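Student: Structure incoming, see below.
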Amino acid sequence: MLYNLPLGKTEIVLNIPSKYQVRLLKPGNVASAQDEIKEIGRALGVPVNSKRLSEIAERGKNAVIIVSDTTRPTPTAKLLPPLISELNAGGVEDITVVFGLGIHRKQTGEEKKAILGGLYGRVKSIEHDVNNCIYLGTTSRGTPVEIFKPVADADIVVCTGTIEFHYYAGYSGGAKSILPAVSSKRSIDANHALMLDPGSCAGMLDSPVREDIEEAAELIGIDFILNAVLNERKEIIFAAAGNYIDAHRKGAAFLDKMSKVRVEPADIVIVSPGGWPKDIDIFQSHKALEHAKNAVKDGGSIILVAECREGYGNRVFEEWLKFSREEVIERFKSGFVMGGHKAALIAALAKRVDLYLVSSLPDEIVRKAYFIPAALQEALEMALLKHGGDAKLIVMPYGGSMLAAGL
């Protein structure tokens, strides 16, 4: 049996002998919207618990639209024009697009152009700067809310994004465009430390991290959101607009029906984040492991298929990888460190199962991150040799968008 797995901007073929029992996990067979732009228009025309954006807009006011950076698959070039038209219809002409980098690296001009499409150079755009944030207050969980000054100063704040499963915020999208996307490092670290709470996991709407994010958003005030749910071809199949909590929940409910699957744990799981940009580096690709880990037995094997063209993807993460698995886990137990958390999570999973990485990286870099480097068929053969002829397998070509939940 042949299975196509996304790898970067291409695909790689996996050949599994037909004698093995294989379960293929893919997003539900939901047809893409007949017209993505019409679906966006539908959402904007019937916003959830909100006025239309054109009614929120007022002449003489200025607006910011926060968009995802290059590490996210958000179809920003499709979302922006209808939003700008709505703002213009209400009399708002002063519009700035803000790339929500969080603590990610700055983007190249080509990356910005790819995100903005035909609007590149025609609309004012700036990148978030963690060093240019102002303090707005503190959440009940103790997170200082420090927001990028151009966003905090704006009259109208509009957030865009995609709704996917997120391994500690429950779901992406919604108010995550504020925290972490346009917040200070101090704010991000405090919020992310809440991932240590057992309730902070994928598919949980009341994740402590998500609740803290939305409390922070209340301090700044999000006027409107436009979020999309995508299929495996990165096409918009559902859009939700309006109130930053209620519209987000509507999109999350749609995602659950499409991509949340309960499974009996298998001996071997082969998972791809879904290709570029979800497998841009190990730091981002790790999310697919979190979505797949409930699908594998203790002592089993996970084969992660991720190009990781930009290596580790985070300086602190890389620094922590100089420690052994046991040492990095103990360091993490003594206190949350952003970036170090990924090293600890991968190390803990590598102690429970065999972790293989099929990537473009040199073997020494892969081993340093607690993975076994291998080509795809080689990794499968090693795993099958360990688990025997009656091994059960699960294949997840779009692990960044799927959630395998236990029975």
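Every read-out reported here was derived from the displayed coordinates using simple, explicitly stated rules and does not represent laboratory data. Because the structure is predicted, anything quoted here is derived from the model rather than measured. Note: ideal-geometry Cβ built from the backbone for every residue, glycine included; neighbour counts use all protein chains shown.
Student: Return the ratio Rg/(2.2 N^0.38 Å) for segment 133-218, where Rg is computed over Cα atoms only. Let's see the in-between values first.
Tutor: On the way: Rg = 12.1 Å, N = 86, 2.2 N^0.38 = 12.0 Å.
Rounded to two decimals, the normalised Rg is 1.02.
Student: For segment 91-239, rounded, prolate or oblate, judged on the Cα gyration tensor with a ≥ b ≥ c (square roots of eigenvalues), a/c < 1.5 rounded, else prolate if a/b > b/c?
Tutor: Oblate is the answer for segment 91-239, as a/c is 1.5 or above yet b/c matches or exceeds a/b.
Student: Equivalent ellipsoid semi-axes for the chain, as square roots of 5 times the alpha carbon gyration tensor eigenvalues: give them largest first, rounded to whole Å.
Tutor: Numbers: eigenvalues 263, 110, 68 Å².
In descending order, the three semi-axes are 36, 23, 18 Å.
Student: Ignoring everything except DSSP H segments at least 4 long, calculate the 222 nm mean residue ellipticity for the chain; use -39,500 (n - 2.57) per segment, divide by total residues, nearest 500.
Tutor: Working: 14 runs with 132 residues, N = 407.
So the helix-based figure for the chain works out to -9500 deg cm²/dmol.
Student: Also, quick follow-up: For a test of the definition: using alpha carbon positions, the gyration tensor, and the 1.5 limit on a/c, classify segment 200-240 as rounded, prolate or oblate. Walk me through the numbers before you get to the answer.
Tutor: On the way: a/c = 3.99, a/b = 1.46, b/c = 2.74.
Judged from the Cα gyration tensor, segment 200-240 comes out oblate (a/c at least 1.5, b/c at or above a/b).
Student: Can you list residues whose amide H is under 5 Å from TYR398's amide H, if they're 5+ apart or on another chain and H is modeled 1.01 Å from N?
Tutor: SER272
Student: Then there is this: Take ARG186 and ASN132, extend 7 Å from each Cα along the Cα→Cβ direction, and tell me the distance between the two endpoints in nm.
Tutor: Once both label points are built, they end up 1.9 nm from each other.
Student: Tell me the label-point distance for the pair ALA405, SER85, using the 7 Å Cα-to-Cβ offset, in nm and rounded to one decimal.
Tutor: Taking the simple label geometry, ALA405 and SER85 are separated by 3.7 nm.
Student: Follow-up question, since we're still on this one. For segment 86-152, state which trypsin sites (Lys or Arg not before Pro) are in a DSSP loop and have at most 11 other beta carbons lying within 10 Å of their beta carbon.
Tutor: On the way: sites: ARG105, LYS106, LYS112, LYS113, ARG122, LYS124, ARG141; in loops: ARG105, LYS106, ARG122, ARG141.
Answer by residue number: ARG122.
Student: First check a/c for segment 281-369, with a ≥ b ≥ c the square roots of the eigenvalues of its C-alpha gyration tensor; if it is under 1.5, answer rounded, and if not, answer prolate when a/b is larger than b/c or oblate otherwise.
Tutor: oblate
Student: Return the loop-located GluC sites (Glu not before Pro) in segment 23-116 (DSSP other than H, G, I, E, B) with at most 16 other Cβ atoms within 10 Å of their own Cβ; answer none if there are none. Numbers along the way, then the final one.
Tutor: Details: sites: GLU36, GLU39, GLU55, GLU58, GLU86, GLU93, GLU110, GLU111; in loops: GLU58, GLU93.
Those satisfying the criteria are GLU58, GLU93.
Student: Still on this structure: For segment 1-31, run through the trypsin sites (Lys or Arg not before Pro) and keep only the ones in DSSP coil with at most 12 other Cβ atoms within 10 Å of their Cβ.
Tutor: On the way: sites: LYS9, LYS19, ARG23; in loops: LYS9, LYS19.
Those satisfying the criteria are LYS9, LYS19.
Student: Can you figure out the FRET efficiency of VAL13 with ASP35, using R₀ = 35 Å and their beta-carbon distance, to the nearest 0.05? Working shown, then result.
Tutor: Values: r = 33 Å, r/R0 = 0.93.
After rounding, the FRET efficiency stands at 0.60.
Student: Same structure, new question: Please quote Rg/Rh for segment 210-288 to two decimal places, taking the Kirkwood radius as Rh and restricting both calculations to Cα atoms. Kindly include the intermediate steps, with their values, before the conclusion.
Tutor: Details: Rg = 15.7 Å, Rh = 15.1 Å.
Rg/Rh: 1.04.
Student: So what's the net charge close to ARG59: Lys and Arg +1, Asp and Glu -1, counting the other residues with Cβ under 12 Å from its Cβ?
Tutor: Working: positive: LYS61; negative: GLU58, GLU93, ASP94, ASP155.
Taking every other residue near ARG59 into account, the sum is -3.
Student: Using the Karplus curve 6.51 cos²θ - 1.76 cosθ + 1.60 with θ = phi - 60°, what ³J(HN,Hα) values do you get for each residue of segment 214-230, in whole Hz, with x for Gly and Pro?
Tutor: So the J values, rounded to whole Hz, are 6, 5, 5, 5, 5, 5, 8, x, 8, 7, 6, 10, 9, 10, 10, 10, 10.
Student: Taking the simple approach of a point 7 Å from Cα along Cα-to-Cβ for both ARG352 and LEU24, what is their distance in nm?
Tutor: Modelled inter-label distance: 2.8 nm.
Student: When the convex hull of the C-alpha atoms of segment 79-162 is computed, what volume per residue in Å³ does it have?
Tutor: 129
Student: Then there's this: Would you mind telling me which residue in THR74, THR96, THR162 has the biggest mean-square fluctuation in a Gaussian network model of the chain, where springs connect alpha carbons within a distance under 10 angstrom?
Tutor: THR96
Student: For ARG23, what residues show an amide H to amide H distance below 5 Å, using hydrogens built from the backbone and excluding near sequence neighbours?
Tutor: LEU393, ILE394, VAL395
Student: If I stretch the segment between ASP206 and GLU319 completely, what's the gain in nm (0.36 nm per residue apart, minus their alpha carbon distance), one decimal? Can you show the working numbers first?
Tutor: On the way: separation 113, 0.36 × 113 = 40.68 nm, distance 3.22 nm.
Extra length available between ASP206 and GLU319 comes to 37.5 nm.
Student: Here's another thing I want to ask about it. What does segment 1-110 give for Rg and for Dmax, in Å, if only its C-alpha atoms count?
Tutor: Just the Cα atoms of segment 1-110 yield Rg and Dmax of 20.4, 68 Å.
Student: Convex hull volume of the Cα atoms in segment 1-60, per residue, in Å³? Can you show the working numbers first?
Tutor: Details: hull volume 10.2 nm³, N = 60.
Expressed per residue, the convex hull around the Cα atoms of segment 1-60 is 171 Å³.
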